[in-house]
Amino acid sequence: MLHEFWRHSADDVSVEPNAAAAGDASRRGVDLNEREAIVRHVALPALAPAAIVGLYFTPLSVIDCVQRGLLALAVVTASTLAALATAWFAARARRHAAQDPRPARWWLVSTLILLLPLALLVGPLG
């Protein structure tokens, strides 16, 4: 089920957009599939680094040190496991890149974004 959510292909979209939305998107130069890819591969994975930064700036009176540390560890673990999964999807998409190399690039972007919480925990916010 999770794999179905994260699956990305240009022909996954079965719902035809209405003419006004298609015309509006074409005027701005943004393809509807590209907009969906940005949301799926950039906005959703960016929630993990935002959660780490949010935990860092949460006052101690709201969440105690131990709970903040455990929450940060949980976010980093989940994010790292998701990064491993997206790296697997990127490698699989790379094998099929003869048709269209864009899905592999989007999966690589997702992987890098999902590794940011680990870098933040080890580096500047650690």
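Count of segment 31-65 residues, restricted to those that are surrounded by 12 or more Cβ atoms within 10 Å (Cβ to Cβ) and of a type in the set (S, T, N, Q), is 2.
Among the numbered criteria (1) in contact with a Ser or Thr (Cβ under 7 Å, 6 or more places away or on another chain); (2) modelled with pLDDT under 95, which single criterion is violated by Leu114? (2) is the only condition that Leu114 fails. I'd like to check something: does segment 66-77 contain any residue that is modelled with pLDDT of 95 or more, crowded, with 19+ Cβ neighbours inside 10 Å and within 12 Å of the chain's Cα centre (by Cα)? No - not one qualifying residue is present in segment 66-77.
Contact annotation: residue pairs with Cβ atoms under 6 Å, 6 or more positions apart or on different chains, pairing a residue in segment 82-108 that is among the hydroxyl-bearing types (Ser, Thr, Tyr) with a partner that is surrounded by 19 or more Cβ atoms within 10 Å (Cβ to Cβ) and in a helix (DSSP H, G or I), are Thr86/Trp107; Thr86/Ser110; Thr86/Thr111.
The values are calculated or read from the model by the stated rules, or taken from the named source; none is laboratory data. What you are looking at is a predicted structure, and each value in this text was computed from that prediction instead of being measured. As a convention, Cβ positions derive from the backbone with ideal geometry for all residues, glycine included, and neighbour counts pool all protein chains shown.
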